[in-house]
Amino acid sequence: MIGHEGFGALVNALAASHSLTTLDVSSNRLGNASVPYLCKLLRENKSVQIMNFEDNKLSGESGEKIAESLEGNTSLRKFDLAYNDIPFLNYTTICQVLSRNKKIFGATERIRDIYTLRNLMKEEAKLQDTQQKIFAARDTLKQAEVTNETRLGEMETRKQEFANQATHLVETIESREVALRDSTVRANDITQKFAESRQQYQQKNHELVIVLHQEKENVRRLAKTIEQLQGTIKTTREKNQREISELEREYHFVISERDKTSGHLEEAQVSLKKTQTALFYSPFGRRSLKLTSSSCSPVRFSVVPVKTGKVKVKKLRGKL
């Protein structure tokens, strides 16, 4: 049971509805407290045609209020109020209103039938046009059947050709399947050989990695040795450059001393010639010495450089 409050909420929701045609709230014992909501529904709703309100404990003034609210209702045709304590007079008023609504509904139905008849006549005209189109389509269909029979014969011929082609294609597919199986066997062999080759390649690659690691270690050691040799060469080069510089200084010193010694030697030779000439022409020399070209040998001197810068002349041998 929904109670009169629940019925009030229902009426508020359905009062403005245009699609509700039947409402059954029987045996809910709503009582006279629900009559105002019922009257509101009967006044405001214009679509309900059948309502069942039996066994809801309505009595006394409820019938008068319901009859008054039905004065403006033109859609309700059936209203069941059985098992309620409504006076007979109120029942009579309610029945009159329902009879009036039925007459209005009947007139409305007749007008609706007239419009329906007109629509049916229009549909009949359309149907006749459609029938004529059907007859024309039937003739076209017969012609199409003849054409289709001709095409059917051609299609049978093509079907036979296609069957022959299909047979040839099946044979070709079978031969290709055999070739495919052979290719699959060869592919398996190649795959196995490839796996073996890959394993060998991996093994050799591992060996090469080891060798490469050793070579890298050797290169590192060689680079270290080269670096040491470069350091040694650099040190030796610097030492040689220092020695060369010293030798060049000594060489220049010796050249300068040689030039000085050459000057002193020339002076000594000139002085020696003068001495020989003086001895030759002196009386002592003519008596005691006989200088001949065969017995005289040239006097040989050696010049020794001295660190003091002087020249020391040493007589090696000589005969007068």
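Using a 1.4 Å probe over the heavy atoms of the protein chains, calculate the carbon and sulfur portion of the accessible area of the stretch 156-260 as a whole percent.
Carbon with sulfur: 56 percent of the solvent-accessible area.
Residue ranking by accessible heavy-atom surface, 1.4 Å probe, largest first, among Tyr91, Tyr83 comes out as Tyr83, Tyr91. Net charge in the neighbourhood of Glu145 (other residues with Cβ under 14 Å of its Cβ; Lys, Arg +1, Asp, Glu -1) is +1.
Find out how many positive minus negative residues lie around Val170, taking Lys and Arg as positive, Asp and Glu as negative, among other residues whose Cβ is under 13 Å from that of Val170. Provide the component values of the computation, followed by the final result.
Numbers: positive: Arg176; negative: Glu171, Glu174, Glu177.
Spelling it out: positives minus negatives among the neighbours equals -2.
Loop-located trypsin sites (Lys or Arg not before Pro) in the stretch 166-248 (DSSP state not H, G, I, E or B) with no more than 12 neighbouring Cβ atoms inside 10 Å do not occur.
The values are calculated or read from the model by the stated rules, or taken from the named source; none is laboratory data. Please read all numbers here as calculations on a predicted model, not as lab measurements. No Cβ is skipped: glycine too gets one built from the backbone with ideal geometry, and neighbour counts run over all protein chains shown. In case anyone asks, the SASA skips ligands and DNA or RNA and just uses the protein heavy atoms, side chains included. Shrake-Rupley method; radii C 1.70, N 1.55, O 1.52, S 1.80 Å.
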